[in-house]
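Below is one structure; the comments refer to it alone.
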Amino acid sequence: DGGITQSPKYLFRKEGQNVTLSCEQNLNHDAMYWYRQDPGQGLRLIYYSQIVNDFQKGDIAEGYSVSREKKESFPLTVTSAQKNPTAFYLCASSSRAAQPQHFGDGTRLSIL
Amino acid sequence: GQNIDQPTEMTATEGAIVQINCTYQTSGFNGLFWYQQHAGEAPTFLSYNVLDGLEEKGRFSSFLSRSKGYSYLLLKELQMKDSASYLCAVRSPGGAGSYQLTFGKGTKLSVIP
């Protein structure tokens with residue numbers, strides 16, 4: 001089945017450690033997105049990419065980095081510079097930027 | 001700047017009709033989306049409006065008035081499984097010909113017997 005796969009489902013980070021969240025899609029979508037969701041809050045855009053080897057910062061990019069080396073993959077690294085990383089991270093994709101976005105099941109990141 | 005407002009919580013009875021409102025002030029507008037999100041799960045796409053008027057999709061309908069910066073999601077014949085958060089999101093132009101979605105904080109709907 002076509003879809004968006006995020007892994008792992010749960011992730012724990014130690015202080016000062018970088019962690020990478022995986023996002024893979026087999027929908028042949030051009031555009032991919034990373035969002036962060038905190039309890040009782042809406043989704044906030046971290047980074048997005050419309051095409052391979054290109055990406056743009058969203059509203060809260062500080063402390064995060066991404067790469068888009070392949071069309072189907074858009075990993076997100078949460079660096080040690082992100083002081084409050086505990087959140088639910090959602091990856092999404094769309095066939096074009098103007099189309100509805102479809103979401104993966106999310107990764108819940110916590111600090112040890 | 002982008003500002004999207006929705007009620008925080010609503011409660012409705014099984015079998016009834018509920019209307020969830022969304023007002024927005026955004027720099028640029030290129031469509032409004034509604035998503036459903038069950039607790040701990042990913043959002044799922046419900047509906048999309050880019051022109052004024054009503055879009056109907058089974059038990060769910062969505063309305064848009066661009067001049068008023070207003071939308072609503074109408075849920076008919078409520079079922080217990082409709083208990084979820086409903087997210088309003090506005091698409092607006094980003095950089096380099098891209099589009100961004102800005103989400104409201106969501107409305108948590110509780111359906112009671």
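Values computed for the structure shown
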quantity: Part-to-part distance (alpha-carbon centres) for the range A:41-100 and the range B:33-76, which is given in Å; calculated: 24 Å
quantity: Rg(Cα)/(2.2 N^0.38 Å) for the range A:4-81, N = residue count; calculated: 1.09
quantity: Largest-first ellipsoid semi-axes for the range B:13-113, taking √(5λ) over the Cα gyration tensor eigenvalues, angstrom; calculated: 25, 15, 10
quantity: 16 Å cut-off, amide nitrogen to a point 7 angstrom out along B:His38 Cα→Cβ, residues in the range B:57-91; calculated: B:79-87
quantity: Largest to smallest accessible area among A:Met32, B:Met10 [probe 1.4 Å]; calculated: B:Met10, A:Met32
quantity: Total lysine pairs under 18 Å (Cα atoms) in chain B, excluding pairs fewer than 8 apart on one chain; calculated: 4
quantity: Inter-probe distance in nm under a simple model that places probes 7 Å from Cα toward Cβ, at A:Val52 and B:Asp5; calculated: 4.6 nm
quantity: Whole-Hz couplings from phi, Karplus 6.51/-1.76/1.60, listed for the range A:7-13; x for Gly and Pro; calculated: 8, x, 6, 10, 9, 10, 10
quantity: ³J(HN,Hα), Karplus 6.51/-1.76/1.60, whole Hz, each residue of the range B:80-88, x for Gly, Pro; calculated: 4, 5, 6, 4, 5, 9, 10, 9, 9
quantity: Within a Gaussian network of chain B (alpha carbon springs, distance under 10 Å), most fluctuating of B:Ser27, B:Ser62, B:Ser98; calculated: B:Ser98
quantity: log₁₀ of I(q)/I(0) at q = 0.10 Å⁻¹ - the protein assembly as shown, Debye sum with one point per alpha carbon; calculated: -0.45
quantity: J(HN,Hα) series, the range B:13-20, from Karplus relation 6.51 cos²θ - 1.76 cosθ + 1.60, nearest Hz, glycine and proline x; calculated: 9, 3, x, 7, 10, 9, 10, 10
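The values are calculated or read from the model by the stated rules, or taken from the named source; none is laboratory data. Owing to the predicted nature of the structure, the values given are computational and were not obtained by experimental measurement. Using ideal geometry, Cβ is built from the backbone for each residue, glycine included, and neighbour counts are taken over all protein chains shown. The accessibility values were calculated without ligands, DNA or RNA, using every heavy atom of the protein model including side chains. Shrake-Rupley method; radii C 1.70, N 1.55, O 1.52, S 1.80 Å.
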